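The values are calculated or read from the model by the stated rules, or taken from the named source; none is laboratory data. The shown structure was predicted, so the numbers you read here are calculated from the model rather than taken from an experiment. Every residue, glycine among them, receives a Cβ derived from its backbone with ideal geometry; neighbour counts consider all protein chains shown. The protein model used for the area step is the full one, side chains on, heavy atoms only, and it has no ligands, DNA or RNA in it. Shrake-Rupley method; radii C 1.70, N 1.55, O 1.52, S 1.80 Å.
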Amino acid sequence: MARDLLQAPELPEDVQYSDLDPEARRELRSLPKDLAERIGRHLVAAGQLIDEDPEAALAHARYAKTKASRIPVVREAAGLAAYHAGNWSEALTELRAVRRMTRTDAHVAVIADAERALGRPERALDIAKETDSSTLPKEVAVELRIVAAGARRDLGQLDAAVVALQGDDLDPRNPQPWSARLFYAYADNLAAAGRRDEAVRWFLNAAEADAEEETDAAERATELAGE
């Protein structure tokens, strides 16, 4: 036990097992209680660090995987941390494992984007075509469309990238939690296709929908309008 703890990445002092999502805690119940709580705390740390320090998040997730590789939530944490850290091949391995274990497509957009990051846009498009988007949560379906549009753009198919994002949900009058991402991607692809005026309008729509200010849509609109 002492050797094992020495190999584990250091946990932040404020990390508590109780901070773990209840569904994740249920998955860990198959483990001995002490081990479940230890693994759970590393999963919490991975979640807290994934945006600000993805490499540290990945270290926690990898450690959890060494102790509980058959638990889907552990493999999910490893896959998402690897994705955020830019370890595309590792992300694919882990998230494909989660897909097999859970028989769900919850991370299909991330899987497709990792393929794209590895220089395989055709494979990303194949994944999008093979997936029944009607069975996905709306935010996942939207993200998969954004990835597919990006793959079209990688292939030089700029007009097709724009068309791939068009649909009834591209409506600034009815903003949804995922609208800022969709509007931003649409504007970005319009700009790439040389449709500047339309791009400015959609960057402004994205900025309006972006209540959390997670994008630079307003700045992009200003830059384009000044060209």
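Kirkwood Rh over Cα pairs of the stretch 1-68 into Stokes-Einstein at 37 °C, 0.692 mPa s: D in µm²/s? It comes out at roughly 274 µm²/s. Residues Lys65, Lys33, ordered by accessible area of protein heavy atoms at a 1.4 angstrom probe radius and largest first, appear as Lys33, Lys65.
From the largest down, the stretch 147-227 spans 32, 30, 19 angstrom on the principal axes of its Cα atoms. The tail of the calculated P(r) for the stretch 90-227, taken as Cα-Cα distances beyond 24 Å, holds 32 percent of the pairs. Size descriptors for the stretch 13-117, from the alpha-carbon set: Rg then Dmax equal 12.9, 40 Å.
For Asn174 and Glu139, the FRET efficiency from 1/(1 + (r/R0)^6), where r spans their Cβ atoms and R0 equals 22 Å, is about 0.90.
Calculate, in whole percent, how much of the Cα-Cα pair population of the stretch 67-126 lies beyond 17 Å. Above the 17 Å cut-off, the stretch 67-126 has 32 percent of its Cα pairs. A 1.4 Å probe, protein heavy atoms only, puts the accessible area of Ser30 near 90 Å². Stretched out straight at 0.36 nm per residue, the stretch from Glu37 to Thr66 would grow longer than its current Cα-Cα span by 9.0 nm.
Full extension of the segment from Met101 to Asp19, taken as 0.36 nm per residue of separation minus the current Cα-Cα distance, would add 27.1 nm. Taken about its Cα centre, the chain carries a charge dipole of about 1300 debye when Lys and Arg each add +1 at the Cβ and Asp and Glu each add -1 at the Cβ. Please give the residues of the stretch 63-87, grouped as numeric ranges, whose backbone N is less than 13 Å from a label point set 7 Å along the Cα-to-Cβ vector of Glu55. Answer for this model: 85-87. Remark: accessible surface ordering of Trp88, Trp178 (largest first) is Trp88, Trp178, probe radius 1.4 Å.
Here the sum of -39500 (n - 2.57) over DSSP H runs of 4 or more residues, divided by the residues of the chain, equals -20500 deg cm²/dmol at 222 nm, to the nearest 500. On C-alpha positions alone, give me the angle between the axis of helix 72-84 and the longest principal axis of the chain, in degrees, nearest 10. In the chain, helix 72-84 runs at an angle near 50 degrees to the longest axis. Compute the whole-percent fraction of alpha carbon pairs in the stretch 175-222 spaced more than 17 Å apart. That tail contains 20 percent of the Cα-Cα pairs. Placing Val73, Val163 in order of accessible area, with the largest value first and a 1.4 Å probe, yields Val163, Val73.
Choose one answer from Asp188, Asp53, Asp105: the residue with the largest mean-square fluctuation in a GNM of the chain with alpha-carbon springs under 10 Å. Greatest mean-square fluctuation among the candidates belongs to Asp53.
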